[in-house]
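Remarks on the structure that follows.
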Amino acid sequence: MRISIGSEASELVLVDGVVERFSLARGLETADAERLGKVVHKLAAWIIERAYPGDPTGELVVQLELAEGSVRCTIEDWGEPITAFGGGLDGTPPELAEIEAITHDLRLVNLGREGKRLSAAVEAKGVVPEELVAFAQFARESGESEATADQVEIHDTKLSDVEAVSRLLYTNYGLGYGHPNFYQPRWVEAEIEAGRLHSTVAVLAGEVVGHHALVLEKSGEAGETGIAVVHPAYRGLGIFNRLFERTIERARVAEVEAVYARAVTAHPYSQRAEHSRGYRESALMLGSVPQGKDESGQPTPRAASLLTFLPLDLSPRPVSFPERYGEPLRAAYSNLELETVAPELEQALEQLGERPSAAIERDEQRRSSVITVSRWGEEGRSQMVDAVRSAVHHHDDVAYCDLDLETLTAEELDEAIDQLREFDFFYCGLALCASAGHDHLRLQSLMSDDVELEAIVLDSDYAQGLRETIFADRAPASPA
């Protein structure tokens, strides 16, 4: 929520009214709402007094946004210069000592010709979905100014930066970020040193203010891009775009064939952000987002995510097409603007190395699993059935099964599909550059009734058509 006011003390009544309505709409508890009102009023009054002394013609913008467990207040102005403070700098004005004591991360940032930003976080009970916070970051990066870009240094994450990255995630998301391992600096250090994590930071005046990363698959040629965060005080300065470009450069150097992301389906904004950067949809994974809580603390059902890919290698993909799903798979390749060719079966099987015919990888935190079938025959059939039973035994909420389109013939694919449909699996989509760099047909099975199937927001015509294909293909015995 944003409001623009003039630089007169009488305008503060408008700010007070906005804070009151914001608190009511977001369900803040009375004590939290009162503390937020006090902080916002005091900070706005201080800016009017210090930046516009005796000048009623000035302007300031007050913004309130929910974060994990807090509300962040940011006040922008274009008045007289004030010495920066906070964020590791000394010199917090004594008249703001009371406000500093009841807030977190109180700071003033000078942006040169772009003005100044005074911001602080106020603790407040209630949770906002992290994807909405993340989208706020994407949204502010559109049409940004490059006026202060030369002040921000972009470089590969050093081991000395790792703890600051974890703290930056905490500043934005509390402890609610979807990649909890990034709150563990030693884990991040180990992944960087092992070459599985290509992490990049944005540094301003010695402080880590932004982060973006490429996470490489354990057994494939694709990598997930994300863990994207820019400190709220420095959004809108082009930092995200520069971090993203650096990640793609590093992916090309590492000879990654494709990168992917998972867009939420609670709103269209992250889908639009990914589409603007060249990502294209290929699969709709129902129930892939674990249960959360709404603003009143009530549990929410599992939600869907949209799997999107940005191919970096545009060579034709060697695949076989099963009869049942040939049409939607061809549509997926067309959406990704990739051509296909017949596979060299013997060569593709050699590329598997010692991988088992079928294997399961379980994500305990997400209560989901992915089964990968690379070879067929008696062994492959038996291992696939054992893996499905394992997912049921461990009470996974949702299971996905990937069939290798390069090592399985069309006939083997159809046989495996028929077997999987007996276990209530149905179409999900296409996964590029998965195990051994091969493309996979992905099927899915819902093993929980608590999955959101109605409120799925999809932005593109292709994604909406994909949903129709998936729901038409759902196995009759799957949960309604």
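Applying a DSSP loop filter and a limit of 15 other Cβ atoms within 10 Å to the GluC sites (Glu not before Pro) in segment 338-429 leaves GLU339, GLU344, GLU354, GLU364, GLU422.
From the square roots a ≥ b ≥ c of the eigenvalues of the alpha-carbon gyration tensor of segment 252-323, which class results: rounded (a/c under 1.5), prolate (a/b over b/c), or oblate? Intermediate results must be reported in sequence, preceding the final value.
Details: a/c = 2.83, a/b = 1.89, b/c = 1.50.
Prolate, since a/c reaches 1.5 and a/b exceeds b/c.
Out of every Cα-Cα pair that segment 225-272 contains, those further apart than 13 angstrom amount to 66 percent.
If contacts are Cα pairs under 8 angstrom and at least 6 residues apart, what is the relative contact order of the chain in percent? Before the final figure, lay out each step's value.
Details: 939 pairs, mean separation 53.1, N = 480.
Relative contact order for the chain comes out at 11 percent.
Largest first, the extents of the alpha carbon coordinates of segment 347-480 on the three principal axes equal 44, 35, 27 Å. Residues ILE3, ILE102, ILE456, sorted by accessible area with the largest first, give ILE102, ILE3, ILE456 [1.4 Å probe; ligands and nucleic acids excluded].
With contributions of -39500 (n - 2.57) from each DSSP H run of at least four residues, the per-residue ellipticity at 222 nm computed over the chain stands at -10000 deg cm²/dmol. Largest first, the extents of the alpha carbon coordinates of segment 299-414 on the three principal axes equal 44, 35, 26 Å.
With Cα atoms as the point set, segment 156-211 shows a radius of gyration and Dmax of 10.6, 29 Å.
Convex hull volume of the Cα atoms of segment 305-369, normalised per residue: 164 Å³. Restricting attention to the chain, the count of lysine pairs at 8 or more positions apart or across chains with alpha carbons under 24 Å apart stands at 6.
Basic side chains Lys and Arg get +1 at the Cβ, acidic Asp and Glu get -1 at the Cβ, and with that the dipole of the chain about its Cα centre reaches some 900 debye. Over segment 1-116, the reciprocal of the mean inverse Cα-Cα separation, the Kirkwood hydrodynamic radius, stands at 14.6 Å.
In this structure segment 37-91 gives 41 Å² per residue of accessible area when probed at 1.4 Å with all protein chains present.
How big, on average over all directions, is the shadow cast by the Cα convex hull of segment 198-308, in nm²?
Details: hull surface 34.9 nm².
Quarter of the Cα hull surface area: 8.7 nm².
Over the chain, the alpha carbon radius of gyration divided by the compact-protein estimate 2.2 N^0.38 Å works out to 1.09.
Of the accessible area of the chain, computed with a 1.4 Å probe over protein heavy atoms only, carbon and sulfur atoms account for 48 percent.
Roughly what percent of Cα-Cα pairs across segment 394-444 reach past 14 Å? Result: 52 percent of Cα pairs exceed 14 Å.
The values are calculated or read from the model by the stated rules, or taken from the named source; none is laboratory data. A quick note: this is a predicted structure, and the numbers were derived from the prediction, not measured. Note that each Cβ is placed from the backbone with ideal geometry, even for glycine, and that neighbours are counted across all protein chains shown. Accessible surface areas use protein heavy atoms only, side chains included; no ligands, DNA or RNA. Shrake-Rupley method; radii C 1.70, N 1.55, O 1.52, S 1.80 Å.
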